[in-house]
Each structure stands twice: as C-alpha cells, then as structure tokens.
Amino acid sequence: MSELDSAITTEEVASEEAASEEAASEEVEDPEVEKYHPIAYAIDTYLHRVRDCEFCAKVFIPVSKRLRKRSYQKILSDLKNAEDKLASTPEESEELAAINTIGSSIRKTVRLKKSNLEETLERSLFLKLFSSFDAFTGDLLTAIYNNKPELYTQLNREIKLSELLIFGSFEDVKSQVLQDEIEGFRRKSYIEQFEILEKKFSINLKGFERWKDFIECSQRRNLLTHCDGVISDQYIKLCKEAGYCHAEEVVTGDRLGLDNDYFFKACSLMMEVALKLGHTLWRKLFPEEIQKSDTYLGGTIFEYLQDEDYKMSEIFGEFAFNLPNISSDLDYKINLINYAIALKFGDKPKKAKHVLAKVDWSAASNDFKIAEAVLNDRFEDAAMVMEKIGKGTDILDEQSYHEWPLFKEFRKSEIFKTTYENIFGYSFIAELERAADKAEEEIKEEVESEEAAQ
C-alpha cells in the first residue's frame, strides 16, 4: 500500500529485511531430518511450522503497528507542509501541488482508518496453525499406514477397472486410496477426527486436560474462517459440551477476535496436541518402537530447553515423565531430569524438588548424581561428582557442560570453572572462545559460499 510504504525510511527497510532474512533462515530444514522416523518427521515438521508462526507474530505484528504510526506521522507532516505553503501566498503551480497534497493526505487517512494490518497478520497466522495441523494429520496417517501395511485392509473402497488401468502399479493404487481416505478424514470436524482415530485404533485420545481448550480454539477457527468471528449457536453448544468455560459470557451474534495472549496460547496448545497425538499413536501402534519414540521425545524436550522455552519444555516433559511405558530406566531418569530442569528454570523450583524426590539418587550413576546435585543447588557436591566423572561417560561428556541446560547456573560458578580446568587442562572460557572462533569461521565460509553462488 503506497500510503504505508511512503512512511518507511531506508534504515527501517534494511532493518525489516534483516528480520525477514532471519525468519527465512529458521525455515531451512535440517538435512538430518530426512533420517527421522516418518512419525517423528511429521511431528517435528508441525512443531517448527508453529514456531515459525510464533516468530512471525513476534516480529511482524509490531512492525505493522510501527508502519501505521509512521504513516500517520508522514501524513501529518505532508498536511503541515501543504498548509504552510498555502499560507505563504504561493505561485499557482505550488498552490495546486499543495491542494493535491491535502486531497491525497485525506484519502490516505480514510484508508488507514479502515485498514488493520495487525488483525490481518494475526488472523492469517492463527489460521495457519490449523492448515498446518491438517497437513500434520495427513503426514501422520501416511506414516502409520506405510509402516503398518495391514491397516490398508480396513480401507474398504471399491475401485472400478477403468480407474485401475490409470495407475502404473499396485503401490500407486494404495497411495491413491490412502490419500482419498485422508482427504475424507480432513473434511470432518476435529471432534469427529479424534473419534475416528479412537475407534480405529482402540485408544483414548481425548483424555488430556486441554481437550476443552482445543475444541474452543478449533471452533473459533471455524468462526473466523467462515463468518468473520460471529458467534453461532453451534460454537456455544460445542464449547459447553467439551466443558469449556469462557471468562466472560458469550452471546450468539457477538463477534470473537484474537489478541496476542490468545494467539500465543493457541500456539502452545496446538504444539501440545500434535506432539501428544503423534507419540500416543506411535507408541500404541508400534510398541516395538518405544525406544525410538523415547529417544525422539527426549531430543525434542532438550531442544526446547536449549531455546529456554521452559513453558513448552514443561508441557512436553510432564507428558514424557508420566508415560505408562518407558523403554528403560535410563530414559525414565532422563525424562525426570529434563522435566525438573523445565520446572526449576520455569520458576517452579518447589515442584522441581518434588519431582526429583521421586527417585533415590544414591544408587544412580554419577551422570544422574551430578544432575540431582546441580538442580538442588549443591554445587560443591556437583563439583566432587564432576571430578569422579572426569573427561566423560557414555551419557555426559565435555560438550554436555557447554550445551546441556542443566548446567546453566552451575557454569557461572567459580567452583565449576576450577573443576573444569582441573579435568580438561584448559579453562572453560578459553574453550568457549575456541568454539566461538570455530563457529565464526564456519559462518564466514557459508556466507562466502552463498555470495559465490549468487
């Protein structure tokens, strides 16, 4: 829009382009993801799409607000200059230009008053959460059927000979039948979809605490998509049946919108639903792959801990910690420690201590003894265990001291730095500097490579 573009300075354009490049860089898929289990890949892809939506909302909605402010300031400046020009008895050409400026400024003001870039962006990103979720359920079902071919016998679809002759192979037929099944599945409401999955796979999928929030959120999506947020009798009925309680009374005919708080809660909710749905079906249908599920789930929690997203780390950590079947005692303890980290650094230290107390750590390996000591702020005990561990174990190595969120506060202590140097023969800070230099060189090489390619 010209009335908005005219308000942006060169410096602002450069700043917003930099933000856009940063957002784009987060969308680049790690080539290692191709090695994932297809169910893990489906979950991971959706989580990152939601995080992209969060990033866009945090960056570009404030930008749109600044653009509106700059636009009004530019219009005010143009009006003042035009009025000053008219007051100074200008020549005919200057007078005409001033009159045109005033008319143009008035039109721009009318357009700006009717525009709402923030709402457009936020609503688009909110709807993106659900279109991506639809893609996720399709990817999830495709992964399940392809890894459990006997499920194809449940797809009772008749195919005409004329249709069969179009396909090049039986695999093509299977693929088309599955895609038709998925398309039919997607056309149903989310309530119906979960009921279908529950019946098909004999499992309870609606028993998690935030099911009612998911129903309200998905119904709000329907209102925003089809009737500009106007509340319907069906919306009220389904929210009530799910047990959802609105903070304020809602009435048919009123209009629901979005705000920042609701949007970011929706992002958290949708990530929770996807991860729990994916892992619950994975573990139910492929019990022989629980180890893979545990490994991937632990990796996801670790990633969110590294990003200091303690809210999602807690949600995922609690889910992992309370799973009825864990592949090993090792994975159970890892889940517990990561859950406790999320609680401790998420301002719930008492709950973290309560979780840690569920295990007798005196019989655990040194990898877990140091974790328990650090989380209970017994840094001297942790340093003694660190000395016993030495240069590392199968679980904990030098890199762990640099990357594991567990050591976030311990790393700052003098006793840690002294113990680290005693073990490895060089200072922790010196190793950080070497790692930074190495990363800098790698980044320079990437930049040079991209410039050469252009």
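The values are calculated or read from the model by the stated rules, or taken from the named source; none is laboratory data. In this text the structure is predicted, and so the values were computed from the model without any measurement. Quick reminder, even Gly has a Cβ in these numbers, built from the backbone with ideal geometry, and neighbours come from all protein chains shown. What goes into the accessible areas is simple: the full protein's heavy atoms, side chains included, and nothing from ligands, DNA or RNA. Shrake-Rupley method; radii C 1.70, N 1.55, O 1.52, S 1.80 Å.
Every residue, every condition in (1) of a type outside the set (Asp, Glu); (2) open to solvent by 30 Å² or more (accessible area, probe 1.4 Å); (3) at pLDDT 90 or above, yes or no:
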site: GLU91; (1), (2), (3): no, yes, no
site: ILE106; (1), (2), (3): yes, yes, yes
site: ARG111; (1), (2), (3): yes, yes, yes
site: GLU119; (1), (2), (3): no, yes, yes
site: LEU127; (1), (2), (3): yes, yes, yes
site: GLY138; (1), (2), (3): yes, no, yes
site: TYR152; (1), (2), (3): yes, yes, no
site: GLU158; (1), (2), (3): no, yes, no
site: VAL177; (1), (2), (3): yes, no, no
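Collect the residues in region 258-285 that are in contact with a helix residue (DSSP H, G or I) (Cβ under 7 Å, 6 or more places away or on another chain) and not aliphatic (A, V, I, L, M), keeping them in residue-number order. Of everything in region 258-285, those that are in contact with a helix residue (DSSP H, G or I) (Cβ under 7 Å, 6 or more places away or on another chain) and not aliphatic (A, V, I, L, M) turn out to be PHE263, PHE264, CYS267, SER268, GLU272, LYS276, GLY278, HIS279, TRP282, ARG283, LYS284. Residues in region 36-61 that are under 8 Å from the mean Cα position of the chain (by Cα) and either open to solvent by less than 10 Å² (accessible area, probe 1.4 Å) or of a type in the set (A, V, I, L, M) (or both): TYR46, LEU47, VAL50, CYS53.
Out of GLU308, GLU314, GLU272, one residue alone is in contact (Cβ under 8 Å) with a residue 24 or more places away in the chain and at positive phi. It is GLU308. Considering (1) part of a helix (DSSP H, G or I); (2) over 27 Å from ILE191 (Cβ atoms), the lone condition that ASN325 does not fulfil carries the number (1). The one condition from (1) open to solvent by 30 Å² or more (accessible area, probe 1.4 Å); (2) modelled with pLDDT of 90 or more; (3) out of contact with any strand residue (DSSP E or B) (no Cβ under 8 Å at 6 or more places or on another chain) that LEU396 does not meet is (1).
Of the residues making up region 429-454, those that are within 30 Å of GLU414 (Cα to Cα), open to solvent by 70 Å² or more (accessible area, probe 1.4 Å) and among the charged types (D, E, K, R) are GLU433, ARG434, ASP437, LYS438, GLU440, GLU441.
On the stretch given as region 310-341, residues that are more than 17 Å from ALA364 (Cα to Cα) and either open to solvent by 50 Å² or more (accessible area, probe 1.4 Å) or not hydrophobic (A, V, I, L, M, F, W, C) (or both) total 11. Summed over region 226-264, residues that are in contact with a Ser or Thr (Cβ under 6 Å, 6 or more places away or on another chain) and open to solvent by 100 Å² or more (accessible area, probe 1.4 Å) total 1.
Those helices (runs of 4 or more DSSP H) of region 364-454 in which 3 or more residues are under 31 Å from the mean Cα position of the chain (by Cα) occupy 366-375, 398-403, 428-453. All conditions but one from (1) at pLDDT 95 or above; (2) farther than 29 Å from MET270 by Cβ apply to LYS358; the one that does not is (1).
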